[in-house]
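Structure, as structure tokens:
Values in this text are rule-based calculations from the coordinates and carry no lab data. The shown structure was predicted, so the numbers you read here are calculated from the model rather than taken from an experiment. Virtual Cβ from ideal backbone geometry, glycine too; neighbours counted across all protein chains shown.
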Amino acid sequence: MGQVWWRRPSTLPLVLLGMALCIIVAGGTIRINDAGESCPDWPQCFGTWGFDISEEEQGIYWDENPDEIDSRGVDHRYTTFEIFSEWFHRLLVGIIAIPVLLNAIIAYKMIETYGKTVFRTTLFSGILLIIQALVGALTVSFDNVDWSVALHLSLASIFTSSFLFQHFAMRRQEQSRWELFSMNPEFVAANKTRVDSMVGAVFTLLILGAWVSSTAGGQYNQGCSVGFPNGWPKCNGSLLPSFDGPGVIIQMIHRFGAVLVGLILVSGSARIRQDARAHEVTPVLGRITDFAAGLWILNVLVGGSYIVLADMEEFPEWVSLLHLMFGVCCFLVAVSASFFMRLNPSSPPSHEEE
């Protein structure tokens, strides 16, 4: 297919990928502004479809709906920006539903060209979007309890990655000359499990980070101390602090998990590059896993700076959002390597798929 890139059907999943990342950014913005309960009901917000809810109107809503009062109490009032951030997040989810549906329709109409795998992937994305909306409602219902926040982010990450898989699968069917589609089958068989382990490690750490940020341990003044070096890389002045209280335990689990994931990424990527030379295959896959490891290292520094800078009078909360996005990007890069392993056929691709 000799179309320019922006006219190819395979460009649509990239657009959806960008939209899904925007939704994750919006969700992260809600968290860093502590606005996760700023719309107490779902799908409406304070019984309306808007976001400009005055303090007086909020009070009236609490009086009429005492069961909806969140953990901050009946006297708490949200700012217009906090309410808008939650409202806008929900709006983006509603907007992306239209191109997700269009994506499935196009894949169905072009099933003879792109095959059943692509079409099934679009259905998977659509089902995930519906589940995500329901989990969002569950998160509101349970006042952003830690497990619901972690579940919400995990599903969002999988949802986003599905568009990467679709794009790669469509490019393969478009007879792309990417070297990653013609790797040695022996190399693929030898490293598929290794790459999957790297993806699983990054994904687990990502969800663990969401757990940390949504519990008492996520509040820097309730877990480890702040500043350098007693807050980071140490915790309360020690590399092995006393586990007095859940905040310290949760943060240390996250930190030790980050070290373990780093070892898995660095050692796994080194082995992949070594095997690539032995099998005389393209080093591109190793560069992808190297990039994932590099993002992990960078994110460790960003996470550390979050704690080091926490004792500033005007603490930069955007650092927390940056930490989230680097984590998500690390997962997407790592899972890309896994997708290429699965889309790498032992024979040239055809337009007919079983």
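Summary table below
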{"quantity": "The chain: angle of helix 185-213 to the longest principal axis, Cα-based, in degrees nearest 10", "calculated": "10 degrees"}
{"quantity": "Rounded D (µm²/s) - the chain, Kirkwood Rh over Cα pairs, Stokes-Einstein at 25 °C, 0.890 mPa s", "calculated": "111 µm²/s"}
{"quantity": "Packing-based order for 196-206, 70-80, using average beta carbon neighbours within 10 Å, highest first", "calculated": "196-206, 70-80"}
{"quantity": "Cα-based reach from K192 at 30 Å (exclusive), listing lysines while leaving out same-chain residues under 8 positions away", "calculated": "K116"}
{"quantity": "Relative packing of 250-257, 303-310, which averages over residues the other C-beta atoms within 10 Å, highest first", "calculated": "303-310, 250-257"}
{"quantity": "Relative intensity, log₁₀ I(q)/I(0), of the range 181-354 from a Debye sum that treats every alpha carbon as a point, q = 0.19 Å⁻¹", "calculated": "-1.12"}
{"quantity": "Per-residue [θ]222 nm for the chain (sum of -39500 (n - 2.57) over DSSP H runs n ≥ 4, rounded to 500)", "calculated": "-23500 deg cm²/dmol"}
{"quantity": "Across the chain: Cys residues that no other cysteine approaches within a C-beta distance under 4.7 Å", "calculated": "C22, C329, C330"}
{"quantity": "Cα-based reach from K234 at 20 Å (exclusive), listing aspartates and glutamates while leaving out same-chain residues under 8 positions away", "calculated": "D244, D311"}
{"quantity": "Paired Rg and Dmax values of the range 8-176, which use every Cα atom, in angstrom", "calculated": "18.6, 62"}
